[in-house]
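This report refers to the structure that appears directly beneath it.
The values are calculated or read from the model by the stated rules, or taken from the named source; none is laboratory data. None of the values given here were measured: they were computed from a predicted structure. Cβ: placed from backbone, ideal geometry, glycine included. Neighbour counts: every protein chain shown. Only protein heavy atoms, including side chains, enter the accessible area calculation; ligands, DNA and RNA are left aside. Shrake-Rupley method; radii C 1.70, N 1.55, O 1.52, S 1.80 Å.
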Amino acid sequence: MNRPTRLVNEVQQSYSFSRRAIVLGAAQGAVAVALASRMTWLAVIENQRYQLLAESNRVNLTMIPPRRGWIIDRYGHPIANNRTDFRVDIIPDRLPKEQTDQVLKLLQHLLSLPPEQIARIQTDLKRAAGFQPVQVAENLDWDRFAAIQVRLPELPGVAPTRGYSRSYPAGPAVAHLTGYVGAASAEQYKQTKNPLFITPGFKIGKDGLEKALEEKLRGSPGAKRVEVTAHGKLVRELATRQDVPGHNQRLTIDAGLQEYAARRLGTNSGSAVVIDITSGDLLAFVSMPAYDPNSFSDGISHLEWKMLSDNDHVPLMNKILQGLYPPGSTVKPMNGLALLRAGVSPDDRISCGGALRVGNGIFHCHKKSGHGPLNLKQAIMASCDIYFYEMVRRLGYDQVAPVARTLGLGQKFDLPFSTQRYGTVPDSAWKLRKYKADWTVADSLNASIGQGYVLANPIQLAVMASRIASGRSLQPRIVMNGNAPIANPLPLNPEHLAYIRDAMYGVVNQGGTGGRARLNIPGASLGAKTGTAQVRRITMAERAGGVRSNASLPFKMRDHALFICFAPVENPKYAAAVVLEHGGHTVTNLDTPGIGRDIITYLLDRDRALKSLAEVEPTWGGDIATRMAAETAAYKSQISLVQGAQTETNATAAPTDAPAVEAATDAANSSAAAIANTAQPAEEGSREVDQ
């Protein structure tokens with residue numbers, strides 16, 4: 001059935017048209033209002049923002065890295081300073097991938113770069129984060145730098161910079177003191193979002209004092225403004241805001257002594273610490289061998305990183321703060337103070353026959369035939385083990401440990417370094433906590449000669465020497481911030497301290513084990529104590545067949561050699577500690593007594609000390625730079641040029657955190673634990689040097 005057709009009359013048609021017109025007009029009005037509102041927002045509210053964006057298209061703003069504050073010694077001599085530097089970097093984000101080869105080819109032509117350097121840049125570009133600058137070249141002369149500036153429109157992503165780079169005049173001699181600076185890592189930028197961190201040429205402290213004092217040394221950046229065209233071409237330079245340099249930091253270090261001590265350690269793996277007894281100021285803080293902080297700051301190569309990591313002398317380790325060693329016989333003066341404090345008469349004698357049987361164990365003296373009857377002073381002078389075995393066995397080591405802590409062993413010092421290991425001063429309560437075992441007589445005897453569980457770092461040994469010499473609780477400091485803290489008298493009898501100082505005088509000047517340390521300066525004498533620390537167990541089979549000398553052993557199996565001293569005995573001003581890893585007393589002019597003597601001589605008679613060094617240094621292969629150059633040349637001959645030129649990304653971690661350092665500390669810990677956690681004594685005693 002068909003539906004009827006609806007008829008629309010004229011009135012209805014007119015009404016429908018009017019309604020649609022109203023709806024359409026309203027929609028048009030709403031759109032017009034929205035557009036007007038948006039235009040008002042953009043023109044009024046967002047006016048400043050878009051003005052700045054437009055200005056940024058016209059004006060190119062480049063941050064100027066601030067000049068770092070200098071690190072200077074106590075006399076104002078530079079330890080770390082800045083030098084003018086022309087450098088060229090590539091910002092990967094700004095370099096179109098399709099133009100990479102073209103840009104590198106032009107850079108190679110303009111800067112005369114060798115093929116291996118181009119290979120290194122290509123590798124670094126692949127590894128780098130997009131915003132992280134990749135170094136092309138630095139320390140450029142003006143002609144090559146100007147050539148880059150002229151051709152800059154053809155070099156997208158290339159950032160030439162005129163600024164300052166860090167310089168360490170003494171090189172490796174200060175490496176573990178200052179640390180070094182380097183480009184901020186991607187992680188550091190992500191954490192801070194600081195645009196300065198991705199500015200070409202900007203570097204932050206990566207290790208040592210450069211890292212610890214970063215906020216004071218950094219300064220505030222400047223800004224360079226240039227007007228450019230839409231295609232990025234330079235129109236003119238606008239006003240530049242200068243950077244604000246960081247604050248200089250003055251150390252207690254004597255830069256001359258620091259460099260001398262580093263050279264005097266020669267080819268050893270070791271450390272030397274010198275303290276001003278009047279103030280607690282650290283005058284020298286040397287760990288050798290070391291890396292060159294100038295190389296690290298410039299961007300260390302894969303070759304150098306691997307060479308340093310493979311070196312069995314562990315040049316990446318700060319041995320002063322990260323090295324822990326059995327202190328050996330250097331603790332015998334401290335043990336003597338504990339005996340006197342406990343009421344032992346200094347005239348009481350113990351007869352040394354070369355060995356002491358306790359239970360089923362035999363404890364040996366370093367002198368197999370024995371020393372005969374000895375009092376306390378004679379025992380310290382001769383470094384007799386049997387005397388201290390017997391006296392500490394009678395007394396108990398719990399009477400000794402508090403004196404050891406009073407003199408600085410096991411103590412944490414307020415020094416601006418992030419990597420410190422503090423050693424151990426054991427006692428019965430400590431062993432019960434750590435090993436759930438009772439303290440034994442064997443533990444006391446081993447501890448009495450600085451073996452067993454006793455561990456110390458070199459700075460603790462130097463503090464021990466300074467406190468014995470001064471009778472005050474000196475605190476070491478390395479940054480000069482006003483006056484030195486007041487050091488209170490030690491809670492020890494001054495007469496006992498005077499007795500021990502006299503015994504240490506006898507070690508050097510009255511026929512003791514440190515005769516080679518005797519000063520050749522009229523009116524000045526040295527008080528000291530030698531020490532030797534075993535790093536391995538000597539088996540009974542080895543003893544039966546004859547214990548091999550250190551000279552015939554592989555490097556890592558040799559004993560550590562230690563030495564503490566103070567001078568002048570007549571009016572103490574300086575104290576020092578020298579620790580040679582696996583030194584073994586094998587070479588006379590590279591042994592601890594001679595090194596300690598010469599370091600003190602430098603402080604009292606500089607010309608004499610320098611003359612002495614000039615005579616022996618050539619026999620070690622020359623000075624530090626000469627030896628390092630020879631080692632690098634030998635190592636470089638074993639690998640390819642391209643591999644050697646590559647920048648080592650692992651070096652973004654601090655040297656003191658490197659895998660090689662962790663491996664060395666783990667090995668030392670295992671060796672110490674193996675010796676300490678046995679019921680038997682250190683079987684060969686504390687082998688000492690004779691005069």
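Among the residues of the range 459-485, the one identified as open to solvent by 40 Å² or more (accessible area, probe 1.4 Å) and basic (Lys, Arg) is Arg472.
Can you pull out the residues in the range 403-438 that are within 25 Å of Ser466 (Cβ to Cβ) and open to solvent by 50 Å² or more (accessible area, probe 1.4 Å)? Residues satisfying the conditions are Arg405, Lys412, Asp414, Ser418, Arg421, Tyr422. Each residue in the range 337-366 was checked for being buried (at least 20 other Cβ atoms within 10 Å of the Cβ) and at pLDDT below 95, and 5 of them qualify. Among the residues of the range 104-162, those identified as buried (at least 16 other Cβ atoms within 10 Å of the Cβ) and part of a loop (DSSP other than H, G, I, E, B) are Leu113, Ala128, Gln132, Pro133, Glu138, Leu140, Leu155, Pro156, Gly157.
Within the range 44-71, the residues that satisfy the criterion of being open to solvent by 30 Å² or more (accessible area, probe 1.4 Å), in a strand (DSSP E or B) and modelled with pLDDT of 70 or more are Thr62, Met63, Ile64. Taking the range 597-691 as the region of interest, the helices (runs of 4 or more DSSP H) fully inside it that hold 3 or more residues being at pLDDT below 95, of a type outside the set (Val, Ile, Thr) and open to solvent by less than 60 Å² (accessible area, probe 1.4 Å) are 624-636, 659-676. Counting the residues of the range 426-461 that are closer than 14 Å to Ala676 by Cα, among the hydrophobic types (A, V, I, L, M, F, W, C) and without any contact (Cβ under 8 Å) to a residue 60 or more places away in the chain gives 4. Restricting attention to the range 163-204 and to residues that are under 30 Å from Leu106 (Cα atoms) and in a loop (DSSP other than H, G, I, E, B), the residue that is most open to solvent (accessible area, probe 1.4 Å) turns out to be Ala183.
Yes/no matrix, rows are residues, columns are (1) more than 25 Å from Lys611 (Cβ to Cβ); (2) assigned to a loop (DSSP other than H, G, I, E, B); (3) at pLDDT below 80; (4) within 27 Å of the chain's Cα centre (by Cα):
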| residue | (1), (2), (3), (4) |
| --- | --- |
| Ile500 | yes, no, no, no |
| Ile521 | no, yes, no, no |
| Arg537 | yes, yes, yes, no |
| Arg543 | yes, no, yes, no |
| Ile564 | yes, no, no, yes |
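Identification of helices (runs of 4 or more DSSP H) wholly contained in the range 320-426 with 1 or more residues that are over 32 Å from the mean Cα position of the chain (by Cα) yields 332-341, 376-382, 385-395.
Checking each residue in the range 177-192 for being closer than 20 Å to Ile90 by Cα and not aliphatic (A, V, I, L, M) picks out Gly182, Ser185, Glu187, Gln188, Tyr189, Lys190. Taking the range 582-592 as the range and being touching a strand residue (DSSP E or B) at 6+ places or on another chain (Cβ under 6 Å) and open to solvent by less than 20 Å² (accessible area, probe 1.4 Å) as the test, the residues that pass are Gly583, Thr592.
Could you check the range 486-506 and list, in sequence order, the residues that are in contact with a Leu (Cβ under 9 Å, 6 or more places away or on another chain) and either surrounded by fewer than 17 Cβ atoms within 10 Å (Cβ to Cβ) or not hydroxyl-bearing (Ser, Thr, Tyr) (or both)? Result: Ala487, Leu490, Leu492, Asn493, Glu495, His496, Leu497, Ile500, Ala503, Met504. Among residues of the range 103-114 that are closer than 14 Å to Ala146 by Cβ, those with a beta-carbon under 7 Å from a residue that is modelled with pLDDT of 90 or more and assigned to a helix (DSSP H, G or I) at least six positions away or on a different chain give the pairs Leu110/Arg144; Leu110/Ala147; Leu110/Ile148; Leu111/Arg144.
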